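Remarks on the structure that follows.
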Amino acid sequence: YQVSNIIKNKDGIPTSYELQAWQRYHGSEPYISKLSIFFFSNENEALNSYKNGVIESVAGISPKQANAIRAGVPEAKILHFPLPRIFGVFFNQNQAQVFTYPEVRQALNIAIDRQYIIKRVLYGYGIEIDSPLPQDSYTKSTSTDTGPSIDKAKDILAKAGWSLNKDGILEKKNGKTTVTLEFSISTADTPDLKETAEIIKSQWEELGAKVNVKIFEYGDLYQNVISTRKYDSLLFGEFIGKDLDLYAFWHSSQRGSSGLNIANYVNSKVDKLLEDARTSFDEKEKNKIYSQFNEIIQRDIPAVFIYSPEFMYVVPDKIQGINLKDI
């Protein structure tokens with residue numbers, strides 16, 4: 001294709017490009033003879049143009065809008081593919097003593113109904129995960145759990161000595177002190193994260209925990225909560241990227257204000273595996289390393305992994321042959 005026209009606004013910023021099939025291209029002529037690419041300052045403008053027939057395709061829309069299009073435009077084709085991002089609740093054991101108990105982390109993990117969250121918050125446009133890696137060949141679960149189970153989670157805690165107090169909250173004797181299953185979830189002030197936090201709060205309170213949800217503007221969350229590690233647990237997302245380098249997220253050297261290890265996780269075996277993965281150029285060896293890494297993380301449960309969101313691309317049914325395997 002060659003650029004045949006560029007339309008700019010009064011500030012000289014392009015608002016659209018037109019591409020025409022180039023007659024001198026050495027190969028066969030493309031099936032699509034003309035492409036018009038429009039740019040919008042926000043999602044609403046793009047969706048209004050789609051609804052008004054100005055554009056035929058739109059990409060990168062929210063699950064809510066994709067659901068609205070699916071309901072209102074039956075002929076629309078919505079392609080969706082997992083993004084290399086993971087969302088979960090990261091436990092800060094340095095601040096909340098209750099997370100130092102393995103049975104607590106295990107019970108909280110089992111009690112989460114991930115499919116309900118994906119259906120309710122993402123309108124089905126998400127992939128259930130139980131790993132710090134996006135869905136891939138070496139992220140197969142080593143867990144024997146087949147799904148969420150409040151009863152099984154309660155049983156795990158009961159066998160470990162946790163029982164309900166007069167307020168209906170689980171507690172456990174630890175020498176002369178009593179530890180209560182009470183903590184907070186901090187997250188950003190976005191509709192999807194707020195709703196996810198409230199659903200998790202409800203599910204964990206059914207287990208017998210007392211959970212307080214704390215909402216912060218993103219700038220405040222990053223500067224005053226994440227950087228200072230002043231949270232019991234953090235509902236947050238991580239962009240993994242195509243190279244799948246997890247060093248920044250899980251290596252013990254990345255704890256503290258300057259790093260992205262938001263679980264403050266420490267494990268010498270994991271450190272060694274992440275270091276080896278960074279220096280390996282053999283794909284099979286790298287897969288083996290990440291499989292071992294995944295097994296340790298699923299055993300230690302430093303976080304509850306919930307979902308990977310999907311990339312949505314609305315196209316007319318007449319457009320064929322689209323493959324968006326890697327986003």
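The values are calculated or read from the model by the stated rules, or taken from the named source; none is laboratory data. Remember, it's a predicted structure, so these values are computed and weren't measured experimentally. Glycine gets a Cβ as well: all are built from the backbone with ideal geometry, and neighbour counts include every protein chain shown. Keep in mind that these areas ignore ligands, DNA and RNA; they rest on the heavy atoms of the full protein, side chains included. Shrake-Rupley method; radii C 1.70, N 1.55, O 1.52, S 1.80 Å.
Using a 1.4 Å probe on the protein heavy atoms, what percent of the accessible area of segment 224-282 belongs to carbon and sulfur? Percent of accessible area from carbon and sulfur atoms in segment 224-282: 53. Within the chain, all pairs of alpha-carbon atoms sorted by distance into 10 Å bins from zero give the percentages 5, 21, 27, 22, 15, 7, 2, 1, 0. Within the straight-line cut-off of under 17 Å between alpha carbons, the lysines reachable from Lys325 are Lys77, Lys242, sequence neighbours fewer than 8 places apart in one chain being disregarded.
Ranked by the mean number of other Cβ atoms within 10 Å per residue, highest first, peptides 300-311, 190-201 order as 300-311, 190-201.
Modelled spin labels at His26 and Asn9, positioned 7 Å past Cα toward Cβ, are 4.1 nm from each other. Tyr1 exposes around 120 Å² of accessible area when a 1.4 Å probe is run over every protein chain in place.
Given a Förster distance of 51 angstrom, what is the FRET efficiency for Ile37 paired with Glu283, based on the Cβ-Cβ distance and rounded to 0.05?
0.90
Peptides 292-299, 123-130, 73-80 ranked from most to least packed give 123-130, 292-299, 73-80, packing being the mean of other C-beta atoms within 10 angstrom over each peptide's residues. Excluding same-chain neighbours fewer than eight residues apart, the lysines reachable from Lys166 by a Cα-Cα span under 28 Å are Lys152, Lys154, Lys176, Lys201, Lys210, Lys214. Fraction of C-alpha pairs exceeding 18 angstrom in segment 254-319: 56 percent, rounded to a whole number. Projecting the Cα atoms of Asn294, Ser257, Leu274 onto the charge dipole of segment 234-297, computed from C-beta unit charges around the Cα centre, puts Ser257 farthest toward the positive end. Gain on full extension, evaluated as 0.36 nm per residue between Val315 and Val179 minus their Cα-Cα distance, stands at 43.5 nm. Rounded if a/c is under 1.5, else prolate if a/b beats b/c, else oblate: with a ≥ b ≥ c from the C-alpha gyration tensor eigenvalues square-rooted, which is segment 173-276? It comes out oblate by the Cα gyration axes. Modelled spin labels at Glu103 and Val73, positioned 7 Å past Cα toward Cβ, are 5.4 nm from each other. As a rough guide to protection, the peptides 57-66, 36-45 ranked by mean Cβ packing within 10 Å, highest first, stand as 57-66, 36-45. When the chain is described by a simple charge dipole with +1 on each Lys and Arg Cβ and -1 on each Asp and Glu Cβ, the residue from Ile240, Asn94, Ile169 located farthest towards its positive end is Ile169. Based on the alpha-carbon gyration tensor of segment 1-130 and its eigenvalue square roots a ≥ b ≥ c, which shape applies: rounded if a/c is under 1.5, prolate if not and a/b is larger than b/c, or oblate? Prolate. Counting Cα-Cα pairs of segment 1-42 in 5 Å increments starting at 0 gives whole-percent bin shares of 6, 22, 24, 17, 13, 10, 6, 2. Under a model in which nothing but the beta-carbon of Lys, Arg (+1) and Asp, Glu (-1) is charged, the chain shows a dipole of about 300 debye around its Cα centre. Normalising the average separation of contacting C-alpha pairs (under 8 angstrom, six or more residues apart) by the number of residues puts the relative contact order of segment 164-299 at 17 percent. Legend: translational diffusion of segment 207-327 by Stokes-Einstein, Rh = Kirkwood radius over C-alpha pairs, 4 °C, 1.567 mPa s; D = 75 µm²/s.
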